[in-house]
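Since every read-out is calculated from the coordinates, none of them should be taken as a lab result. Just so it is clear, the model here is predicted, and its values are computed rather than measured.
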């Protein structure tokens, strides 16, 4: 199993497996994204970005953050950025930046982004790591900025969602949670006015929860 997980760190393998287990994902996610990311913001941080964006480009700048060097290079077209000040004054020729860093200790200035987003990320982290990450995300958005966070959740009834159950059982992420557990974790880390909605995002029945928070 460890060998299989290591294979998934290779971008092309990750994409092939995602396609097999998640048919229709691009189509259904596109419909969801058009609802959720409306209106678009100017500058967004994509935490745990993976090799390619799965959410829409913001109006001006999309910044990826991941711990996998190959993912960052593919995400940006070959770049790994090291200067966090580029977020505030990005090169004119680039609309994407990418940083190799931990989500629990991000290199960016307070309030550097209009929006922080993530997709299928928190089930890879313990409760403690998740709380630290949420607080870092909150720090990185300015007043009026928003968090838009998608994460996979366990099926309500395994027999009605066998592929979803299989993925939750054997996914690299060791912290698959129920909808109630995920909401409670987020509310504990950042008390306030969370909004959430559950979506089916593949024809095979995979589900995630979209949680949103606006910073006052």
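Comparing Cα centroids, region 111-134 and region 170-216 end up 11 angstrom apart. Counting only DSSP beta bridges with both residues in the chain, the antiparallel share comes to about 35 percent. For the chain, averaging the sequence separation of C-alpha pairs within contact (under 8 Å, six or more residues apart) and dividing by the residue count gives a relative contact order of 19 percent.
What is the distance in Å between the Cα centres of region 71-102 and region 21-70? Rounded to whole Å, the Cα centres lie 15 Å apart.
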